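Colleague: Take a look at this one; I'll ask things after.
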Amino acid sequence: MAEDNPTFRFVNYHKIAGVGRADANWESTWLRADDFSESEKKQLANILEEWDLDGDPFTGSCKDFQDLAECGFDLWDVVDATEQLVFSIWTYTDSGMIYRYGTTKRVGEIIQWGAEFDDNSVGWDLEDARLAQKTLDPSVPLPSSLKPT
(Lines give C-alpha, C1' and ligand atoms only; values in the text may rest on other atoms or scores of the structure.)
Protein backbone atom coordinates (compact mmCIF):
# COMPACT_ATOMS: atom_id res chain seq x y z
CA MET A 1 0.00 0.00 0.00
CA ALA A 2 1.25 3.46 -0.89
CA GLU A 3 2.38 5.82 1.85
CA ASP A 4 0.27 8.93 2.46
CA ASN A 5 3.42 11.07 2.22
CA PRO A 6 5.95 9.22 0.08
CA THR A 7 9.63 10.16 0.23
CA PHE A 8 9.71 10.88 -3.51
CA ARG A 9 7.38 12.26 -6.18
CA PHE A 10 7.45 11.91 -9.97
CA VAL A 11 7.54 15.22 -11.90
CA ASN A 12 8.41 16.67 -15.33
CA TYR A 13 7.11 13.84 -17.51
CA HIS A 14 8.60 13.82 -21.01
CA LYS A 15 7.35 11.43 -23.70
CA ILE A 16 9.91 10.57 -26.36
CA ALA A 17 7.78 9.08 -29.08
CA GLY A 18 8.83 6.05 -31.03
CA VAL A 19 8.70 5.79 -34.80
CA GLY A 20 7.16 2.75 -36.48
CA ARG A 21 9.33 0.85 -38.92
CA ALA A 22 6.71 1.31 -41.64
CA ASP A 23 6.53 5.05 -40.92
CA ALA A 24 7.91 7.35 -43.61
CA ASN A 25 10.16 8.90 -40.93
CA TRP A 26 12.02 5.59 -40.25
CA GLU A 27 14.87 6.77 -42.50
CA SER A 28 15.05 10.22 -40.89
CA THR A 29 16.83 11.52 -37.80
CA TRP A 30 15.48 10.00 -34.60
CA LEU A 31 15.73 12.76 -31.97
CA ARG A 32 16.27 16.52 -31.72
CA ALA A 33 19.18 17.56 -29.49
CA ASP A 34 17.33 20.73 -28.47
CA ASP A 35 14.73 18.57 -26.68
CA PHE A 36 17.27 17.33 -24.10
CA SER A 37 19.45 18.85 -21.40
CA GLU A 38 23.19 18.12 -21.45
CA SER A 39 22.84 15.58 -18.63
CA GLU A 40 19.92 13.87 -20.40
CA LYS A 41 22.06 13.57 -23.54
CA LYS A 42 24.76 11.84 -21.47
CA GLN A 43 22.19 9.53 -19.86
CA LEU A 44 20.81 8.66 -23.29
CA ALA A 45 24.33 7.89 -24.52
CA ASN A 46 24.76 5.60 -21.51
CA ILE A 47 21.53 3.77 -22.37
CA LEU A 48 22.60 3.35 -26.00
CA GLU A 49 25.95 1.97 -24.82
CA GLU A 50 24.10 -0.48 -22.56
CA TRP A 51 22.16 -1.70 -25.62
CA ASP A 52 25.41 -1.93 -27.66
CA LEU A 53 24.16 0.70 -30.10
CA ASP A 54 26.67 3.01 -31.73
CA GLY A 55 25.86 6.32 -33.30
CA ASP A 56 24.47 9.70 -32.48
CA PRO A 57 20.69 9.66 -31.91
CA PHE A 58 20.59 13.31 -32.96
CA THR A 59 22.12 12.73 -36.39
CA GLY A 60 21.53 9.03 -37.08
CA SER A 61 18.34 7.64 -38.58
CA CYS A 62 15.70 5.78 -36.60
CA LYS A 63 16.71 2.49 -38.21
CA ASP A 64 20.18 2.82 -36.64
CA PHE A 65 18.57 2.46 -33.20
CA GLN A 66 16.08 -0.31 -34.04
CA ASP A 67 13.81 -1.27 -31.12
CA LEU A 68 14.66 1.76 -29.00
CA ALA A 69 13.65 4.13 -31.79
CA GLU A 70 10.52 2.09 -32.44
CA CYS A 71 9.26 1.96 -28.85
CA GLY A 72 10.48 5.37 -27.67
CA PHE A 73 11.00 6.39 -24.03
CA ASP A 74 9.20 7.83 -21.06
CA LEU A 75 11.39 10.15 -19.00
CA TRP A 76 10.54 11.26 -15.47
CA ASP A 77 12.35 13.38 -12.94
CA VAL A 78 11.90 12.54 -9.27
CA VAL A 79 11.94 15.04 -6.40
CA ASP A 80 12.39 14.42 -2.70
CA ALA A 81 10.28 15.85 0.14
CA THR A 82 12.15 19.18 -0.13
CA GLU A 83 11.32 19.38 -3.88
CA GLN A 84 14.98 18.85 -4.82
CA LEU A 85 15.51 16.88 -8.04
CA VAL A 86 17.14 13.58 -7.08
CA PHE A 87 16.61 11.05 -9.91
CA SER A 88 15.91 10.74 -13.63
CA ILE A 89 14.04 7.62 -14.68
CA TRP A 90 14.10 6.48 -18.31
CA THR A 91 11.69 3.69 -19.25
CA TYR A 92 11.34 1.85 -22.54
CA THR A 93 8.92 -1.04 -22.97
CA ASP A 94 9.45 -3.14 -19.81
CA SER A 95 12.96 -1.92 -19.01
CA GLY A 96 14.66 1.25 -17.88
CA MET A 97 17.45 3.05 -16.07
CA ILE A 98 17.41 5.18 -12.94
CA TYR A 99 20.12 7.82 -12.59
CA ARG A 100 21.05 10.37 -9.96
CA TYR A 101 19.60 13.58 -11.35
CA GLY A 102 21.98 15.45 -13.64
CA THR A 103 24.55 12.62 -13.75
CA THR A 104 25.21 9.26 -15.36
CA LYS A 105 25.51 7.61 -11.92
CA ARG A 106 23.15 4.69 -12.23
CA VAL A 107 21.31 3.83 -9.02
CA GLY A 108 18.94 1.24 -10.45
CA GLU A 109 17.79 -0.70 -13.45
CA ILE A 110 14.22 -1.65 -14.30
CA ILE A 111 13.89 -5.18 -15.60
CA GLN A 112 10.41 -6.29 -16.62
CA TRP A 113 8.29 -6.55 -13.41
CA GLY A 114 10.83 -5.29 -10.90
CA ALA A 115 14.04 -3.38 -10.46
CA GLU A 116 17.56 -3.80 -9.14
CA PHE A 117 19.04 -1.05 -6.98
CA ASP A 118 22.39 -0.26 -5.39
CA ASP A 119 20.33 0.52 -2.27
CA ASN A 120 17.02 -1.34 -1.98
CA SER A 121 15.59 1.29 0.38
CA VAL A 122 15.67 3.75 -2.55
CA GLY A 123 13.75 1.20 -4.60
CA TRP A 124 11.08 0.75 -1.94
CA ASP A 125 10.70 4.52 -1.57
CA LEU A 126 10.37 4.89 -5.36
CA GLU A 127 7.80 2.08 -5.40
CA ASP A 128 5.78 3.92 -2.71
CA ALA A 129 5.92 7.09 -4.83
CA ARG A 130 4.88 5.14 -7.93
CA LEU A 131 1.89 3.63 -6.11
CA ALA A 132 0.86 7.04 -4.72
CA GLN A 133 1.04 8.59 -8.20
CA LYS A 134 -0.97 5.70 -9.71
CA THR A 135 -3.60 6.09 -6.97
CA LEU A 136 -4.04 9.75 -7.93
CA ASP A 137 -4.10 9.01 -11.66
CA PRO A 138 -4.18 5.36 -12.82
CA SER A 139 -3.52 6.39 -16.44
CA VAL A 140 -0.12 7.99 -15.70
CA PRO A 141 2.59 6.16 -17.73
CA LEU A 142 4.83 4.93 -14.92
CA PRO A 143 6.73 1.62 -14.81
CA SER A 144 4.61 -1.38 -13.86
CA SER A 145 6.78 -1.90 -10.76
CA LEU A 146 9.83 -0.49 -9.04
CA LYS A 147 9.92 -3.17 -6.35
CA PRO A 148 13.48 -4.27 -5.69
CA THR A 149 14.10 -7.84 -6.82
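Colleague: Of everything in the stretch 94-145, what is surrounded by fewer than 21 Cβ atoms within 10 Å (Cβ to Cβ), of a type outside the set (A, V, I, L, M, F, W, C) and assigned to a strand (DSSP E or B)? Give them in sequence order.
Modeller: Once the filter is applied, which keeps residues that are surrounded by fewer than 21 Cβ atoms within 10 Å (Cβ to Cβ), of a type outside the set (A, V, I, L, M, F, W, C) and assigned to a strand (DSSP E or B), the stretch 94-145 yields SER95, ARG100, ARG106, GLU109, GLY114, GLU116.
Colleague: Restricting attention to the stretch 35-66, which residues are in contact with a Ser or Thr (Cβ under 9 Å, 6 or more places away or on another chain), part of a helix (DSSP H, G or I) and within 30 Å of ARG9 (Cβ to Cβ)?
Modeller: Across the stretch 35-66, the qualifying residues are SER39, GLU40, LYS42, GLN43, ALA45, ASN46.
Colleague: Which count do you get for residues in the stretch 61-83 that are more than 18 Å from the chain's Cα centre (by Cα) and at pLDDT 85 or above?
Modeller: Qualifying residue count, the stretch 61-83: 3.
Colleague: While we're here: Contact list please: Cβ distance under 8 Å, first residue in the stretch 9-23 and in contact (Cβ under 8 Å) with a residue 60 or more places away in the chain, second residue outside any loop (DSSP other than H, G, I, E, B) and among the polar types (S, T, N, Q), pairs at least six apart or on different chains.
Modeller: Listed pairs, sorted by first residue: ARG9/GLN133; PHE10/GLN133.
Colleague: I'd like the residue in the stretch 72-93 that is aromatic (Phe, Trp, Tyr) and within 30 Å of ASN25 (Cβ to Cβ) and, out of all such residues, is surrounded by the most Cβ atoms within 10 Å (Cβ to Cβ).
Modeller: Applying the filter and picking the extreme gives TRP76.
Colleague: Now a separate question. Across the stretch 1-27, which residue is nearest to VAL79 (Cα to Cα) among those that are among the polar types (S, T, N, Q) and surrounded by 12 or more Cβ atoms within 10 Å (Cβ to Cβ)?
Modeller: Selected residue: THR7.
Colleague: Moving on. Only residues that are in a loop (DSSP other than H, G, I, E, B), modelled with pLDDT under 85 and of a type in the set (A, V, I, L, M, F, W, C): list them for the stretch 20-34, please.
Modeller: ALA22, TRP30
Colleague: Let me ask something else about it. Identify the single condition in (1) touching a Gly at 6+ places or on another chain (Cβ under 6 Å); (2) under 30 Å from PRO138 (Cβ atoms); (3) modelled with pLDDT of 85 or more that HIS14 does not satisfy, given that it satisfies every other one.
Modeller: Result: HIS14 passes all but (1).
The values are calculated or read from the model by the stated rules, or taken from the named source; none is laboratory data. Just so you know, these numbers come straight off a predicted model, no measurement behind them. Every residue, glycine among them, receives a Cβ derived from its backbone with ideal geometry; neighbour counts consider all protein chains shown.
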